[in-house]
Every structure is written in structure tokens, then in C-alpha cells.
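Worksheet: the structure to be examined is printed underneath.
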Number of protein chains: 2
Amino acid sequence: MRQVDLLLHSAGQLCVIPSRGQPQRGNALGDLGIIADGAVAVHDGTIVAVGSTTSLQQTYRAHLEIDAEGQCVTPGFVDPHTHLPWFGDRANEFEQRVAGASYMEIMAAGGGIMSTVGNTRNASLDQLVADNLPRLERMLRYGTTSAEAKTGYGLETAAELKQLDAILALHQQQPVELAPTFLPAHAVPSEYKGRTSQFVDLVINEMLPAGAEWMRQYQTQLFCDVFCEEGVFDVDQTRRILEKAAALGYRLKVHADEFVGLGGTKLAVELGATSADHLVKTPEADIASLGQGKTIAVGLPGTPFGLGHSEYTPAKAILDAGGALALATDLNPGTCWCESMQMAIALACRYMGLTQAQALVAATLNAAHAINRGAEIGSLETGKQADILILDTPDYRQLGYRFGTNLVKRVLKKGTIVSES
Amino acid sequence: MRQVDLLLHSAGQLCVIPSRGQPQRGNALGDLGIIADGAVAVHDGTIVAVGSTTSLQQTYRAHLEIDAEGQCVTPGFVDPHTHLPWFGDRANEFEQRVAGASYMEIMAAGGGIMSTVGNTRNASLDQLVADNLPRLERMLRYGTTSAEAKTGYGLETAAELKQLDAILALHQQQPVELAPTFLPAHAVPSEYKGRTSQFVDLVINEMLPAGAEWMRQYQTQLFCDVFCEEGVFDVDQTRRILEKAAALGYRLKVHADEFVGLGGTKLAVELGATSADHLVKTPEADIASLGQGKTIAVGLPGTPFGLGHSEYTPAKAILDAGGALALATDLNPGTCWCESMQMAIALACRYMGLTQAQALVAATLNAAHAINRGAEIGSLETGKQADILILDTPDYRQLGYRFGTNLVKRVLKKGTIVSES
């Protein structure tokens, strides 16, 4: 008998999500590798064995045993696209929007992204951390054990660095691990209105080097992301920013084709970006490119939903092209305030045509690859971190089928219970 | 100082939802009657005073004080259209549907409503109760304090009465009050395939009298509902059933215009039905009729969402016609397994064009009128039951704006805390 910290046993369905070191690509997406009456042995926060309850109980003696009581067990969700941290809310603006106000009227009334930028610039680091801790607690309760978090509500060097500091503080103060992304090119701030190219120069000459210095100081991986969109940053500006970022040691991400198919997806693949995100209006040729490169396509179905739209990421075309598809929430105060990856799964099943199994892999293993952590998280395989969910149902197919509530009962982070509902 | 059981105080926004004994009709929908720093005094489960914290603290001494700590306080949600109780699930069928199977293929594989009918017929009363208690617990946690519950998965007399017995048992065993509805005309069971008029005869001659006998035995209000839809029960059959039901003492409801605008809404108004529900394809003339009668129009946005559709109840037209609009979940295992009225609100804001205030009134006061309980529940007025929610936010406008998670922190039923998240 080998002594381990934890033996989780009697999972009606243990969803391993076999990876072979890779995301699940194309129409191979959706292999859950279910073990009936499954068990996981954990030591030092790491999975040391996965198998049937009978076999693991014969091999391992554990300090703590958790009986899953026949419920379904999955890897923790990974949310690879959030706009944490921000300060304040825009509930008033949402009210104006549903009452029929146009985007321009809302902007004129002080709404839109610059409203959040103003709040975030004015908040102290401590205020920013305090405002975002409850959002992370909610994410955890709904099953997210790792997430990406972006700057982009500073849009000036000091405020962008303050957001990076807030991400680091939030990462340290609660269980959800955060992968930081630097997004000074999220919007053109009002003070640069009509002078986009000068703002791009500022990003390239001052902000990116400052972020790279932060990255060195904390010896952490940092992504650089750009909002490549009509009226924001065009493909050439996006390329200039990302090429500089790559030279400074950032990994790359792109907000691509959310409202207009500009070419951001193709650029992302060409530059070897870790992910290209949104992809609602992506042209066919750009979808084809996803089959060739390593870039993960990240669908954010909460955003069209949040906006009351009816067009979503064309998942089937991406899979037919051999692309690797992940899901994320896009959690942000403007278009999509939703902390729950279960909601992203429910939307993806209905409006992107994914089966529950495909959506679950997209929300775990492939999402881990979308933040370059596919080697450590996203599946229940030996050697990976023990980030584990015990659902409130024996059948993974209830994810997506049921919606609007929480089907996660217990959340384990590195083998420790961190949330119970 | 007057002694009371409970004083709930320091609500940042106390949403009274003034009723004047009536639902809020037409474009007057959305009056929340907010009291800043509000308080509610409760005695014997009933609201005895509503006002500012200062004034109520000067007048009342309470056995229990609850400090809302500046959060928003609202009436409990009323869910006036659910298909509780049923047995089992149809997660496999949902998987087939998102993978592209047609409705006919799913029926051929044993799916569709008859699958749930088979499960529900085979379940014992105890099994039926046990299977549905967790759903009610979830409804309560998400803020529903009263709900309607329908039969309709029996489709034969004994099994329909077993469902009524289950509703009564569920009503007695947990805090959510249930208003029972008899719906033997929910579908034509397979054994009557091609013989709809004979099934209608059975409903009229055997089932309705049996339900009426049950109603007398338990001295409870009972609704009769019919699924008036192309290929199910036409307007004439619906009229025959409802006229007989009215004669037997039932109050009336109609499933109208979900897929085809047959005329069910107009019939409901003509017959003085308490509510007409779904109303997605309602013809303009039928919408106009809602402005004249007492019938409440119940929008069920979870159902088009659950089906991945993009057409919803035309709320603005209903309000422009002077109709009284309520919201419900339509909780059921086929098209919409969602226990959360917060999700119905979020969908109504995005796809029915309601503001958060309109949706909140539709989910409380008007929903109470849709089950003929507008005099007792649905608002925080003196004399009403103390069914109260303390939200996890100071601003009611976060309902609808945020989605997919639970913004209800504490639920009080008749003045007692029954759920905390």
C-alpha cells in the first residue's frame, strides 16, 4: 500500500479527458475518457494515479478519503479569457441599452468602456483588489480553478501596471490561479481620440517595455493581447504591437473578428499566438488557417448573448478545419458579466452546436492550452495538478442541458477542498 | 414601541413594488417604489409595516433583527409556470439534438415528452416526490418562494392524480408554496395516436371530474391548463376542455402560441383565464385582446433559449396593448431545465426588451397575479406574506445585467430565513 494525501473515489463518471500532451483538435474534440466508478489518488497537490475505485483502493492508503457518492467528477474549469480586474459596474448603461438607447447615446452619457477606464484609473490598488475578490470567489464556486486576467482598463502606463499588480495580488490571495495578460491596446482612450497611431506608438515605445520589465521583475509568463477590430486597432497596428511584444518576450493573444472580420485570426496564426479569441465574423480562409497553426480558437458565447445578438462563433467550421477550440466567459462589466463557465457551456451547446462532451473538453483541456498551461492543468491525468470538480449530478451530460444554476458541488484546488455548495 | 417577530432593516434599496391590488399593466410596468435605507416589520409571517429604517426602528422592537447591510431587498420571486413534478431526465436527447438529430429521429429513438411520461407513470409517489425535492431546493436558493406546478406527464387518470398528490406532498415538505395545475391535455399519449378527439373525450368525461373530486377533497384551488398548439389540441378542443373545467370549478390557464399562432391567447381572454402562457407567435389581434381582459400574459424566455431559437414573446407589443406581463421559467426536462427566475429575468432583458425594473415586477407582483395570488404575495406591502429576498448586491439593476449565477443571498419565507448562500 502506498501512502498518499488524498483518495477521491466512487465517481459515477470520472472524466479524465485524455490529452497526449495536446489539445483535442478538429472533430476529435469531445473524448472524455470516462472511467465508471473512478478514483483519483493525489499527493503533494498532484495527481499520482487515476483508475477504478477498486484498483486504487487496493494500491493506495490516503490521509483523506472523499467519497464522490456516484456523482460525476471532472477537471476544474479553465477560463482563458476574462477582463478581471475592473472597478465598478455598468448596470445603468445596461438599463439604457435594453430600454433602446443607442451605443452613441450611451457613450455621450459617459457610458461605454471609458466609464470603466475612469473608475479603474481612480481606484487604488487595494480598492481594485477588494472589488474583484468576490468575482473570483463566484468563479471558484461555479467551478473555475484557473483563469486568464487582463489589463486594458488603464490605457495609460501607470494604470495598466496597477492592473497587473492587482492580478498578481488577486492570484496570491485566493485559490483561482491567474494567468496575466497585458492589454494596453484594448481601446483608444478619449485623450487620444482621432490619434490612434500616436497611441499605438505609446503602447509600443512605453507601455510594452514597462510590462516587460514587470514580467522580468516577477519572473512570470505574460501575454500581450490587442483588440483588433474596425474602429479600434487595425491589422497593421495589431501586427506592429504584437511583433514588438514577441520581441520583448510576451506570448501573444488577439481579440479577433468580434464585430467585423478584419483578419485578426489569420494574423494570430501567422504570428504563432497562443490564442485568437471571439471569432464571430471570421472569414472562411481565416478559419482554415486555424487547422494549420498552434493557435487555439477561443469562443466567447456569453458576449453575443450578453448583447442580445444571435450570431455566435462558427464552431463546426472551426472543427471541420481541424482547429482546436476552447471556451471562455469573457467576464467583463460591459458586454458579459458572467463568472460561470457552466453558462458558457450551456450557450455553446445551444448556439455553437457543441455536444456536452465537446463543450466540456473546450472548457478544460483546450482552455488550459489557450493559456499555455496544457501541460499542468485541464485534465485528470497522472502528473497534472489535482484541480477537480465533484458535480451535483452523476451525468456530465447535465452540463449544458441544464442552465442558469450551479451544478458544481465541491471544488478541489491542488487536492484541497476550496469550495462547497 | 410595538413588539414584532422580525425587523429587517438597512436595505440599500427596498423594492416595495406597489400594487394597489392590481398587477402593473401596460407601460406602467416597472414601478418598484424603492425606499432608500428601507425596513420591513414582520409579525406572524405577515408584513405589518414598510418604511425607512429610522422610522421603523423608532416604532418597532423585534425578537429578531436582520441587517441587510445596504444590500437590495425584493419580494420573493413567484414562478407561475413550471412542469414540476416529473421523473428522470432527457440529457441524452439534448445531446442528440445539439448533435443535429431531428425531432422525428429523437421521437423514433424513444425520446420526446412520452419518454418523461413513461418515467413518470412508472415512478411511485415517493419516488416522484424524492426526485423533485432537489429541484425545489434549487428554486428556493435562487429566490423562488412560490410557484405553480403542473401535472401532464401522466396522461391517464391515475397517473395524473398521482402527480397532483406529489404536488401536494412537495408543497407540504419544503418552503416553496405550490399552486397546482391539472394538465391532462398536455399531449396526446401514444396509445391515443391518431385519436385525439377520443382522448379529449376521456379528458372531459373522466379526468376533469377526477381532478375536480381531488380539488374538493383537499379544498384547494386548482387550475386547468391545455396545450393549445398545432398538432396537439386545436382551439375547439381547447375550448371544450376549458369550458367543462370552468363548470367544474377550475380556474383556467392556456399554453398558447408557442410554435404556431392558433388563437389560444384570444380564447384565454374570452374565457377569463387567469393566464395565457408562451405567446411567441401570438397574432396582433390576439395581443390587442390582452389589453381588455384580466388574463395575465406569461412570457417563458427560457424555452426559446433552451431550444436555441431566436424568437421570443413580443413583450413591447403586449405592453403597448395594455397587457399585464409576467415571467416564468417553464422548468421542464424537455425544453428548459432551469430553476432560476434570475435567468428568466436576464433573458427577458436581452430578448424581450424589458428593463430590469419591468422584469422584476413581471417576476414578482405580476407573476403572483398569474397564479391568482396577487392579494397575498408578490410585493412588500403591509398585509402581504413576508416572502423576502436579500440580494448579494445593493442595486436591483444588477439583476438581468449579470447572468448565469445566483445574486440571491438570503431567502425569507413567511418571515423565516429558509435559505442562505
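The values are calculated or read from the model by the stated rules, or taken from the named source; none is laboratory data. Computed from a predicted structure; not experimentally measured. Glycine also receives a Cβ, built like all others from the backbone with ideal geometry; neighbour counts cover every protein chain displayed.
Of the residues B:D392, B:D330, the single one that is more than 15 Å from A:G308 (Cβ to Cβ) and not assigned by TED's automatic domain parsing to the domain that holds B:A28 is B:D330. Only one entry in B:R121, B:R61 is away from every other protein chain (no Cβ under 14 Å), without any contact (Cβ under 8 Å) to a residue 40 or more places away in the chain, at negative phi and of a type outside the set (A, V, I, L, M, F, W, C), namely B:R121.
Inside region A:194-221, residues that are surrounded by 21 or more Cβ atoms within 10 Å (Cβ to Cβ) and more than 17 Å from A:L252 (Cβ to Cβ) make up a count of 1. Could you list, in sequence order, the residues of region B:161-184 that are over 14 Å from the mean Cα position of the chain (by Cα) and small (G, A, S)? The answer is B:A166, B:A169.
Got a sec? Which of A:G308, A:G378 is touching a strand residue (DSSP E or B) at 6+ places or on another chain (Cβ under 6 Å) and at positive phi?
Numbers: A:G308 fails: touching a strand residue (DSSP E or B) at 6+ places or on another chain (Cβ under 6 Å).
Result: A:G378 is the single residue among A:G308, A:G378 that is touching a strand residue (DSSP E or B) at 6+ places or on another chain (Cβ under 6 Å) and at positive phi.
Residues are listed down the side, and each one gets a yes or a no for (1) buried (at least 22 other Cβ atoms within 10 Å of the Cβ); (2) in contact (Cβ under 8 Å) with a residue 12 or more places away in the chain; (3) out of contact with any Leu (no Cβ under 7 Å at 6 or more places or on another chain):
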| residue | (1), (2), (3) |
| --- | --- |
| A:S115 | no, yes, yes |
| A:Q127 | no, yes, yes |
| A:E137 | no, yes, yes |
| A:L161 | no, yes, yes |
| A:L168 | no, yes, yes |
| A:P184 | yes, yes, no |
| A:E191 | no, no, yes |
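Annotation: A:R410 fulfils all but one of (1) surrounded by 21 or more Cβ atoms within 10 Å (Cβ to Cβ); (2) of a type in the set (K, R); (3) more than 9 Å from every other protein chain (Cβ to nearest Cβ); the unmet one is (1).
In this structure, is B:G404 buried (at least 24 other Cβ atoms within 10 Å of the Cβ) and in contact with a His (Cβ under 9 Å, 6 or more places away or on another chain)? Criteria not met by B:G404. Within region A:148-192, the set of residues being closer than 22 Å to A:G231 by Cα and small (G, A, S) comprises A:G152, A:G154, A:A185, A:A187, A:S190. Considering (1) closer than 15 Å to B:G76 by Cα; (2) out of contact with any Cys (no Cβ under 8 Å at 6 or more places or on another chain); (3) of a type in the set (A, V, I, L, M); (4) assigned to a loop (DSSP other than H, G, I, E, B), the lone condition that B:L380 does not fulfil carries the number (2).
Of everything listed in (1) assigned by TED's automatic domain parsing to the domain that holds A:Q342; (2) under 30 Å from A:Y396 (Cβ atoms); (3) polar (S, T, N, Q); (4) touching a Gly at 6+ places or on another chain (Cβ under 9 Å), the single unmet condition for A:T82 is (4). Listed conditions (1) modelled with pLDDT of 95 or more; (2) surrounded by fewer than 24 Cβ atoms within 10 Å (Cβ to Cβ) are all met by A:M1, apart from (1).
On the basis of being surrounded by fewer than 19 Cβ atoms within 10 Å (Cβ to Cβ), at pLDDT 95 or above, over 30 Å from A:T405 (Cβ atoms) and of a type outside the set (S, T, N, Q), does A:G110 make the cut? Criteria not met by A:G110. With respect to the conditions (1) of a type in the set (K, R); (2) free of Cβ contacts under 8 Å to residues at least 60 places away in the same chain; (3) under 21 Å from B:Q358 (Cβ atoms), B:R2 falls short on a single one, namely (3).
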